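The values are calculated or read from the model by the stated rules, or taken from the named source; none is laboratory data. Note that this is a predicted model, so its numbers are computed, not measured. Note: ideal-geometry Cβ built from the backbone for every residue, glycine included; neighbour counts use all protein chains shown. The area values use the complete protein model at the heavy-atom level, side chains included, leaving out ligands, DNA and RNA. Shrake-Rupley method; radii C 1.70, N 1.55, O 1.52, S 1.80 Å.
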Amino acid sequence: MSIWFKDYTVKDIVTKDTMVEYLGIEVTELGDNYIVGTMPVDKRTKQPFGILHGGASVALAETLASYGGYLTIDPEKNYVVGVEINANHLKMAKEGNVTGKCTPIKRGRSTQVWQTEIKNDNEELVCISRITLMVLERK
């Protein structure tokens, strides 16, 4: 059974004219209780030493979790914002793409917690991140 508020598809996720688009983040899959996205390891996402910037990994994780949180609520009544995020960078990535899979740990009325595992093209864990989202009422 799906956790999404409506019957969403990947095509419902808007990234145009945002940092998400600039970094090359693409949402590629929406399962019943997870969201998957990819990001290239290139000049937009590398740090000066030629490896994936930790901030880019965090941007991918927060993007996926924010989309996930948003897709679980009634967008006419609520919206979500990130209030805390942490990340453990476990392995370098120098080229190719990284893929994040984000799943909920808790989906409450006022807060949500999501976890993202980011892997490289060889399916090796590069980063694991957890974010707390606040669910706010539209006024």
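A few notes on this one:
- Close Lys-Lys pairs in the chain, where close means Cα under 23 Å and separation is 8 or more or interchain: 25
- Dipole magnitude of the stretch 54-98 about its Cα centre (Cβ charges: Lys, Arg +1; Asp, Glu -1), debye to nearest 20: 200
- In the stretch 11-138, the portion of solvent-accessible area held by carbon and sulfur atoms comes to 47 percent [1.4 Å probe, whole percent, DNA, RNA and ligands not counted].
- Top positive-direction residue, dipole computed over the stretch 1-109 with Cβ charges, set Asn88, Met1, Thr99: Asn88
- Pairwise label distance in nanometres, Lys139 with Asp12, each label 7 Å out on the Cα-Cβ vector: 2.8
- Solvent-accessible area per residue for the stretch 42-120 (1.4 angstrom probe, square angstrom): 54
- FRET E, pair Val113, Glu29, Förster distance 25 Å, beta-carbon r, rounded to 0.05: 0.75
- Three-way shape label, the chain, alpha-carbon gyration tensor, a/c 1.5: prolate
- Length gained when the stretch Asp74-Lys94 is fully extended (0.36 nm per residue, less Cα-Cα span): 3.3 nm
- Fully extended contour minus Cα-Cα distance, from Arg44 to Met19, at 0.36 nm per residue: 7.9 nm
- Overall form of the stretch 1-58 per C-alpha gyration tensor (a/c, 1.5; a/b vs b/c): prolate
- Working note: Karplus 6.51/-1.76/1.60 with θ = phi - 60° gives the stretch 100-108 the couplings x, 10, 10, 10, x, 9, 8, 10, x Hz, where Gly and Pro are set to x.
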